[in-house]
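The values are calculated or read from the model by the stated rules, or taken from the named source; none is laboratory data. In this text, all values refer to a predicted model and were calculated from it rather than measured experimentally. Glycine also receives a Cβ, built like all others from the backbone with ideal geometry; neighbour counts cover every protein chain displayed.
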Amino acid sequence: MVEKRLRSGNVAFYWNPRRADITAGFTLHCEALGQDYGAAIRRANELNRHLDDWRGGRRAVKDLGLQPGFGTLDWLIERYYRSRAFAKVSARAQPEYRWGLHTTADVKLKNGGRAGALPLKAISARFVDKLYEKILAGVRGNRVRTANACMT
């Protein structure tokens, strides 16, 4: 865990695996842990246990809760893909589901980020309405069918 001072003067914590581990194939990369020291320590310990398992050659199954982006829209979508509910969707319809969720997660925000990177607690009904409007406007004009498919 690394401590960095922000412009505001507050301290934020980050978790960084060694570059050698990433080069060797470790799939988790740097993760911001926030400003709460206790929560940062708990999360860093989880990530360190995962790294230790990987280093030990056990290659434990990666739990979604240990992946970077835990609690974001991208995480929720990935969790849905791994659920029994998605398995019940016909093989013919799955690509359309994936396309709609991918399109929704890739919407660009005002700050330059993606909608998929937002924490779930930041997503409100008002935000979803704005997301719908952005997809509706689209590159080619009014895309009602596309926007409805993405929201569904």
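Quick one: count up the residues across the stretch 1-55 that are crowded, with 16+ Cβ neighbours inside 10 Å and free of Cβ contacts under 8 Å to residues at least 24 places away in the same chain. Final tally of qualifying residues: 2. Here Ala85 passes the criteria (1) among the hydrophobic types (A, V, I, L, M, F, W, C); (2) in contact with a Ser or Thr (Cβ under 9 Å, 6 or more places away or on another chain); (3) at pLDDT 90 or above except the one numbered (2).
Is there a residue being surrounded by 13 or more Cβ atoms within 10 Å (Cβ to Cβ), assigned by TED's automatic domain parsing to the domain that holds Ile77, in a helix (DSSP H, G or I) and of a type outside the set (A, V, I, L, M, F, W, C) anywhere in the stretch 122-130? Yes, the stretch 122-130 contains a residue that is surrounded by 13 or more Cβ atoms within 10 Å (Cβ to Cβ), assigned by TED's automatic domain parsing to the domain that holds Ile77, in a helix (DSSP H, G or I) and of a type outside the set (A, V, I, L, M, F, W, C).
Screening the candidates Ala85, Ala125, Ala115 for the property of being among the small types (Gly, Ala, Ser) and in contact with a Lys or Arg (Cβ under 9 Å, 6 or more places away or on another chain) yields one hit, Ala115. Return yes when Leu136 is outside any loop (DSSP other than H, G, I, E, B), closer than 22 Å to His29 by Cα and hydrophobic (A, V, I, L, M, F, W, C) and no when it is not. So Leu136 does not fit the description; no.
Scanning the stretch 4-28 for residues that are at pLDDT 85 or above and either over 24 Å from Arg55 (Cα atoms) or assigned to a loop (DSSP other than H, G, I, E, B) (or both) yields Lys4, Arg5, Leu6, Arg7, Ser8, Gly9, Asn10, Val11, Ala12, Asn16, Pro17, Arg18.
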